[in-house]
């Protein structure tokens, strides 16, 4: 069962990762100034299916292209989704309460994969080399 605290810890454990917080408290995790995960604000493309209210609890994670996006979206739990706004964009969405359906290792994989899409190649290669040899 994962939480926002786990996300914060895992994202900030990645090399050169930083966190910015919007004026209304929404976190964004960046590497080299590029977001790899962020909490979205209320948008007209993500609404609660029961109430029609715009969702304010949606996280966006970068993915490594359309194939990776389809793979994540195929998760049988149905926790990941996309919207027309993200058509053709390498990212998936998940509601914050649905993080509880991910165990920490799944969230870690999601964070690492997102970070790898934005990290400089040299930094990513060094991190991968270090973690492959460590058996992570």
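The values are calculated or read from the model by the stated rules, or taken from the named source; none is laboratory data. Please read these numbers as outputs of a predicted model, since none were measured by experiment. Cβ coordinates were reconstructed from backbone atoms using ideal geometry, including for glycine residues, and neighbour counts include every protein chain displayed.
Some values worked out for this structure:
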quantity: Residues of segment 10-37 that turn out to be in contact with a strand residue (DSSP E or B) (Cβ under 9 Å, 6 or more places away or on another chain), surrounded by fewer than 14 Cβ atoms within 10 Å (Cβ to Cβ) and farther than 17 Å from residue 112 by Cβ, as a count; calculated: 5
quantity: Residue list for segment 79-91, restricted to those being touching a strand residue (DSSP E or B) at 6+ places or on another chain (Cβ under 8 Å) and in a loop (DSSP other than H, G, I, E, B); calculated: 79, 82, 83, 90
quantity: Residue match in segment 9-19 (condition: more than 23 Å from residue 121 (Cβ to Cβ) and in contact (Cβ under 8 Å) with a residue 12 or more places away in the chain); calculated: no
quantity: Count of segment 55-65 residues which are touching a strand residue (DSSP E or B) at 6+ places or on another chain (Cβ under 9 Å) and exposed (fewer than 13 other Cβ atoms within 10 Å of the Cβ); calculated: 0
quantity: Within segment 19-40, tally of residues that are assigned to a strand (DSSP E or B) and under 14 Å from the mean Cα position of the chain (by Cα); calculated: 13
quantity: Qualifying residue in segment 70-87 (condition: free of Cβ contacts under 8 Å to residues at least 60 places away in the same chain and at positive phi); calculated: yes
quantity: Qualifying positions in segment 26-65 - modelled with pLDDT of 80 or more and on the phi > 0 side of the Ramachandran plot; calculated: 32, 33, 65
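A quick yes/no check of all residues on (1) outside any helix (DSSP H, G or I); (2) loosely packed, with under 13 Cβ neighbours inside 10 Å:
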position: 67; (1), (2): no, yes
position: 77; (1), (2): yes, yes
position: 93; (1), (2): yes, no
position: 97; (1), (2): no, yes
position: 111; (1), (2): no, no
position: 126; (1), (2): no, no
position: 129; (1), (2): no, yes
position: 132; (1), (2): no, yes
